[in-house]
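Enquirer: Before we start, here is the structure in question, set down as structure tokens.
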Amino acid sequence: MAIVWGAMVMASVVCGMAGGRMAQVSAAALEGARAAVELCISLAGVLCLWSGFMELLKQCGLERKLAALFRPLMRRLLPQASRDAETMAAVSGNLSANLLGLGNAATPLGIRAARRMALGAEGRATDELCRLVVLNTASVQLLPTTVAAVRAGCGSAAPFDILPAVWVSSILSVSVGLLAARLLERVVR
């Protein structure tokens, strides 16, 4: 990826020099850097807020209650993982963060759950581990906070007006992903 970005920057500089527009290329580069910093700062605030919220859930014991709420569904999707309380806590935390649209907060929890699920698998991805990856990657989102933060940072007057589209697309993506995982389980065997 670094090669691609490097090539794009070099092509911009060469084209700017050849066309006599280096001033515009420099101005665009500085404007892009400024916009990137502003976006990162606005996202950092939202991520800190929701990551702190997830930590509060853990500290006050609500993470265990969420795990109990998700347990009936998880027993069907991840029967082996649902037998281990620590794995289920990580999976439920991952699902909770994804429901809130916090992919960055969900990732460490998903990695923790995947590591625990991979114990004893002898370096092979089990069917359950593949389903966890599908759940984490496709993730049903009730409140897409990160996307809303990006939209708000870019000046959107109604950053959450995308909710119906997010709900439909995330439910469809999880459903199709889980269906594909189930079909591939049967094909591979």
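Enquirer: Order the following by accessible area, largest value first: E31, E185. Probe radius 1.4 Å; ligands, DNA and RNA are ignored. Walk me through the numbers before you get to the answer.
Expert: Numbers: E31 90, E185 20 Å².
Listed by decreasing accessible area, they come as E31, E185.
Enquirer: Sort M88, M22, M1 by heavy-atom solvent-accessible area, probe 1.4 angstrom, most to least. Don't skip to the end; give the middle numbers.
Expert: Values: M88 0, M22 70, M1 155 Å².
Largest to smallest exposure gives the sequence M1, M22, M88.
Enquirer: How large is the accessible surface per residue of segment 1-41, computed with a 1.4 Å probe and reported in Å² as a whole number? Walk me through the intermediate numbers first.
Expert: On the way: 3310 Å² over 41 residues.
Averaged over the residues of segment 1-41, the accessible area is 81 Å².
Enquirer: Another question, if that's okay. For the pair R182/E55, report the inter-label distance in nm, with labels modelled 7 Å from Cα in the Cβ direction.
Expert: 3.9
Enquirer: At 1.4 Å probe radius, can you tell me the per residue accessible area of segment 78-189 in Å²? Could you put the intermediate results ahead of the total?
Expert: Details: 5990 Å² over 112 residues.
Roughly 54 Å² per residue, with all protein chains present.
Enquirer: Please list, ordered by chain and number, the residues whose modelled amide H lies under 5 Å from the amide H of T126; skip anything fewer than 5 residues away on the same chain.
Expert: none
Enquirer: Could you look at the chain and say what percent of its accessible area is carbon and sulfur, using a 1.4 Å probe and all protein chains? Intermediate values should be presented prior to the final figure.
Expert: Numbers: 8210 of 11790 Å².
Of all accessible area on the chain, carbon and sulfur atoms account for 70 percent.
The values are calculated or read from the model by the stated rules, or taken from the named source; none is laboratory data. Everything numeric here is computed off the predicted structure, so don't read it as measured data. FYI the Cβ positions are ideal-geometry reconstructions off the backbone, even for glycines, and counts take in every protein chain you see. These area figures cover heavy atoms from the full protein model, side chains too; ligands, DNA and RNA do not enter into them. Shrake-Rupley method; radii C 1.70, N 1.55, O 1.52, S 1.80 Å.
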